[in-house]
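The structure appears right after this line, and notes come after that.
The values are calculated or read from the model by the stated rules, or taken from the named source; none is laboratory data. A quick note: this is a predicted structure, and the numbers were derived from the prediction, not measured. Note that we place each Cβ from the backbone using ideal geometry, even for glycine, and neighbour counts take in every protein chain shown. For the accessible areas, the whole protein counts, side chains as well, though only heavy atoms, and no ligand, DNA or RNA atoms are used. Shrake-Rupley method; radii C 1.70, N 1.55, O 1.52, S 1.80 Å.
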Amino acid sequence: MTTLLSTQGLSRSFGGIVAVNDLNLQINKGIITGLIGPNGAGKTTSFNCITGLDSPTGGRVFFNDRDITGFSPPRINRLGIARTFQNLRLFRDMTVFENVMVARHHTSSFSTLLSLLRINDEEKKIQIAAGHWLERLGLWTHRDERAQDLPYGLQKRLELARAMATEPTLLFLDEPAAGLNRTETEQLMTTLRDFRDEGLSIVIIEHDMHLIMNVCEQITVLNFGQMIGQGTPKQVRTNPLVIEAYLGKDDHATR
């Protein structure tokens, strides 16, 4: 497999608390990778350091063999990395269509003024791209509704549409199934498999083990900021260190 993104000794401390400790992560091209672990394991902090929202206190991040450590989030996004958030970051008073348009503008090189005056052909292209992702994710009929008025499951889908509108090659998803019912989760799984089959590389933080075990080809497990396991779903499921991290050593011994 071809490595798309890797970290070397990635670390992040907050005062005396080490959130990520010497993480050597490898994300391969064209597959879905899971990043799992108990609460506080350092998963979201790792995402933040990779996508530029936080500055690592040690180590490096490489994307397509390029050192992107310390790059700003917009610069990283323009290189082809997009993400969603555990806590939704939608423009709540904007319409669904406007939310996706704003995301698409991040990858455009023309001026905002020309966009507002609607005298640039690129603006039409952005509208078409936004419409495509709304159609693709079943949101077109909601395009004129305010984001805050959507049911929670559709808000999560809108967050995904915003990320996909930037045309990423690598997508980070932070708990995309949180708050979804079983039907919505199954729909999400189908969507992620479709994206993968179209060539998108995906990394997922998720506590829903049904989703992780059924869509991921590779899984990395963190605990207290350190990697404690990596492999296929079958390998991770039977790893004693992973079992201990989730169940506790004494609890597992009694089962």
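Annotations for the structure displayed:
- Counting only heavy atoms of the protein chains and using a 1.4 Å probe, residue 78 has close to 140 Å² of accessible surface.
- Area accessible to solvent at residue 182, 1.4 Å probe radius, in Å²: 120
- Highest mean packing comes first when the peptides 214-220, 132-138, 121-127 are listed by Cβ atoms within 10 Å, giving 214-220, 132-138, 121-127.
- Positive-end residue, the chain charge dipole about Cα centroid, Cβ charges, pick of 173, 207, 138: 173
- Taking each residue as 0.36 nm, the span from residue 102 to residue 141 lengthens on full extension beyond its C-alpha to C-alpha distance by 12.2 nm.
- Among 28, 87, 77, the residue with the largest mean-square fluctuation in a Gaussian network model of the chain, with springs joining Cα atoms closer than 10 Å, is 87.
- Potential lengthening of the chain between residue 2 and residue 182 amounts to 61.5 nm, from the contour at 0.36 nm per residue minus the alpha-carbon distance.
- ³J(HN,Hα) computed for each position of segment 56-61 - Karplus, 6.51 cos²θ - 1.76 cosθ + 1.60, integer Hz, glycine/proline x: x, 8, x, x, 9, 10
- A simple count of charges around residue 73, restricted to other residues whose Cβ falls under 11 Å of its Cβ and scoring Lys, Arg +1 and Asp, Glu -1, yields +2.
- Evaluating 6.51 cos²θ - 1.76 cosθ + 1.60 at θ = phi - 60° for every residue in segment 226-236, the Karplus couplings come out as 10, 6, 10, x, 7, x, 6, x, 5, 5, 5 Hz, glycine and proline recorded as x.
- Within the full protein context, the accessible area of residue 246 is estimated at about 90 Å² for a probe radius of 1.4 Å.
- Using only the C-alpha atoms, the convex hull of the chain corresponds to 140 Å³ per residue.
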